[in-house]
1. In degrees, nearest 10, range 0 to 90: what is the angle between the Cα axis of helix 46-65 and the longest Cα principal axis of the chain?
2. Counting only Cα, what are the radius of gyration and maximum Cα-Cα distance Dmax of the chain, in Å?
3. Quote the FRET efficiency, to the nearest 0.05, computed for A64 versus T27 with a Förster distance R0 of 25 Å and r equal to the Cβ-Cβ distance.
4. If packing is taken as the average count of other Cβ atoms within 10 Å, what order do 18-24, 3-9 fall into, highest mean first?
Amino acid sequence: MYVCLCNPFTDKDLDNVLKDENVRKKTSDVYQACSGGEKPCCGTCICEVRDRVNKHNEKTLALAAE
């Protein structure tokens, strides 16, 4: 499924970036990695990107706490 249509990337692209240890797990960094360095145009995808980054970070923190 496409997450962003302005700078096209999919949910699979987003998942791959979240797995990449070389990318900081901030919404802006993840977006830039997915979009090839572009900035958001219309911004409708930012909520989805932010939600996925937050879920990833929460999961990572939970695993680290164990």
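Every number in this text was worked out from the coordinates using simple rules, so none of it is lab data. Predicted model only: the values in this text are computed from it and were never measured. As a convention, Cβ positions derive from the backbone with ideal geometry for all residues, glycine included, and neighbour counts pool all protein chains shown.
1. Helix 46-65 and the main axis of the chain meet at about 10 degrees.
2. 11.7, 40
3. Numbers: r = 20 Å, r/R0 = 0.81.
With a Förster radius of 25 Å, E is 0.80.
4. On the way: 18-24: 11.3, 3-9: 17.3.
Highest mean packing first, the order is 3-9, 18-24.
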